[in-house]
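Notes for the one structure printed next.
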Amino acid sequence: MISRANGIPLFFDVYQGNESDPVEFDRFIRELIKRFNDIFSACDDLTIVCDKGNNSKKNHDLVDKSPFHFVASLSPSHLKKVLAVPLEQYQDCQSDRLKDEKYYIIKEKVFAAERTVVCVYNPPF
């Protein structure tokens, strides 16, 4: 965990790697919540960012019950319907840095809860 303003490290965790990501994520989130509550009185704006290796219904439920926001990548198999949306329905990114990229936003059920899904089209990929 780093501070937004200066990127100052506030919390980190190193683990052996002999557990799968979803299993380790459960332990990590519980420890993060405990440490955060020990240090701060409120959580107004903390976002957890994780890759698709941490996805599971149990982990999504855990984060949903926490005071945190989260962003997670999904594997294409989770949202075949979204991948079928024609590129013409995507919008152009407004940033000069992302000028060739497009995005499509939809609400979809992911792990039994409605989520905001952002599908990004990146020409090289």
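Miscellaneous remarks
- Near pairs, Cβ below 9 angstrom, 6+ apart or cross-chain, from the range 88-100 (under 13 Å from residue 118 (Cβ atoms)) to any residue that is loosely packed, with under 10 Cβ neighbours inside 10 Å: 93/99
- Qualifying residue in the range 12-27 (condition: over 27 Å from residue 112 (Cβ atoms), in contact (Cβ under 8 Å) with a residue 24 or more places away in the chain and touching a helix residue (DSSP H, G or I) at 6+ places or on another chain (Cβ under 7 Å)): no
- Residue among 62, 32 that alone is within 22 Å of residue 118 (Cα to Cα) and in contact (Cβ under 8 Å) with a residue 12 or more places away in the chain: 62
- So residue 81, is it in contact (Cβ under 8 Å) with a residue 24 or more places away in the chain, under 18 Å from residue 119 (Cβ atoms) and more than 17 Å from the chain's Cα centre (by Cα): yes
- Some residue of the range 53-60 being at pLDDT below 85 and among the hydroxyl-bearing types (Ser, Thr, Tyr): yes
- Subset of the range 12-40 [more than 18 Å from residue 53 (Cα to Cα) and either touching a Cys at 6+ places or on another chain (Cβ under 6 Å) or hydrophobic (A, V, I, L, M, F, W, C) (or both)]: 12, 32, 33, 36, 39, 40
- Condition met for residue 82 (surrounded by 15 or more Cβ atoms within 10 Å (Cβ to Cβ), within 19 Å of residue 125 (Cα to Cα) and either β-branched (Val, Ile, Thr) or modelled with pLDDT under 85 (or both)): yes
- Among the residues of the range 85-118, those identified as surrounded by 14 or more Cβ atoms within 10 Å (Cβ to Cβ) and either touching a Lys or Arg at 6+ places or on another chain (Cβ under 9 Å) or under 13 Å from residue 55 (Cβ atoms) (or both) are 90, 93, 106, 108, 110, 111, 115, 117.
- Filtered residue count, the range 110-125, keeping only those that are under 15 Å from the mean Cα position of the chain (by Cα) and free of Cβ contacts under 8 Å to residues at least 24 places away in the same chain: 5
- Of residues in the range 15-39 being touching a Leu at 6+ places or on another chain (Cβ under 9 Å) and farther than 21 Å from residue 57 by Cβ, the one surrounded by the most Cβ atoms within 10 Å (Cβ to Cβ): 36
The values are calculated or read from the model by the stated rules, or taken from the named source; none is laboratory data. Computed from a predicted structure; not experimentally measured. Positions of Cβ are generated from backbone atoms using ideal geometry, with glycine treated the same way; all protein chains shown enter the neighbour counts.
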